[in-house]
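Structure first, then comments.
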Amino acid sequence: MVRWLLVLTVLAVVVVGLVLGVRAIANALGGDDEASPEAEQSAPATDAETSEEPEPESTEPVECTPADVTVALTADAPAYALGQTAVFTLSITHVGTVPCTMDAGRTAAELVISSGADRIWSSADCEPGDPRLLLLDGGNSDVSTIEWATNRSAPECPADLPQIGAGTYQAVVTTPEITTEPVVFSVG
């Protein structure tokens with residue numbers, strides 16, 4: 001029994017010695033777990049402690065600018081007979097990084113048909129319709145069609161306008177800040 005007490009005592013001394021030795025080495029290397037209150041008060045604040053969290057980027061949509069979207073116009077045929085309906089396709093594609101809004105209604109995105117200096121027809125003349133607000137996000141596209149019955153129109157839609165004749169015409173869509181490339185076609 002005395003032998004067991006002696007073995008346990010030696011074992012306890014070795015364990016305590018190891019714990020104290022490990023703590024002394026940790027303190028010498030700067031890993032002091034029990035910093036004095038004076039050290040805590042006089043230690044300067046680090047950048048990580050004083051810097052504020054950066055605010056997350058706003059995901060609120062803004063109004064689209066010409067840099068945010070591409071607008072393209074195509075015709076369903078290169079030529080039309082008098083009285084035939086021409087169908088134009090308007091594509092608006094978001095190429096920006098922030099979601100944006102745009103009015104693509106018939107008045108805001110106006111299709112105008114002309115022949116030389118003669119303004120023949122506009123999508124905003126007789127049936128302007130309501131605004132058509134788009135919310136576009138990165139890579140999204142909106143595709144719509146506009147039909148033209150190869151006739152003439154004017155603001156406030158007067159009656160008895162002269163018929164159009166055979167010839168070369170062009171179509172463009174104009175928004176407050178963007179005009180598409182002209183689409184040239186013939187009617188005859």
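The values are calculated or read from the model by the stated rules, or taken from the named source; none is laboratory data. Keep in mind that what you see is a predicted model, and the values were worked out from it rather than measured. Methodologically, a virtual Cβ is constructed for each residue, glycine included, from the backbone with ideal geometry; neighbour enumeration extends over all protein chains shown. Accessible surface is based on the protein model in full, side chains and every heavy atom, while ligands, DNA and RNA are left aside. Shrake-Rupley method; radii C 1.70, N 1.55, O 1.52, S 1.80 Å.
Numbers for the structure displayed
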{"read-out": "Residue in region 167-174 that is closer than 29 Å to V98 by Cβ, in a strand (DSSP E or B) and aliphatic (A, V, I, L, M) present", "value": "yes"}
{"read-out": "Count of residues meeting criterion [outside any strand (DSSP E or B) and open to solvent by less than 70 Å² (accessible area, probe 1.4 Å)] in region 64-78", "value": "5"}
{"read-out": "Condition check for L82: open to solvent by 70 Å² or more (accessible area, probe 1.4 Å), farther than 29 Å from C64 by Cα and part of a loop (DSSP other than H, G, I, E, B)", "value": "yes"}
{"read-out": "Residues that are closer than 30 Å to S186 by Cα and either within 15 Å of the chain's Cα centre (by Cα) or open to solvent by 70 Å² or more (accessible area, probe 1.4 Å) (or both), drawn from region 117-131", "value": "A117, R119, E127"}
{"read-out": "Enumeration of residues in region 136-163 that are in contact with a Phe, Trp or Tyr (Cβ under 8 Å, 6 or more places away or on another chain), of a type outside the set (D, E, K, R) and assigned to a loop (DSSP other than H, G, I, E, B)", "value": "T150, N151, S153"}
{"read-out": "Only listed residue being under 26 Å from L82 (Cβ atoms) and either β-branched (V, I, T) or loosely packed, with under 15 Cβ neighbours inside 10 Å (or both), chosen from I178, I164", "value": "I164"}
{"read-out": "Flag for G188 being at pLDDT below 95, closer than 18 Å to A75 by Cα and open to solvent by 20 Å² or more (accessible area, probe 1.4 Å)", "value": "yes"}
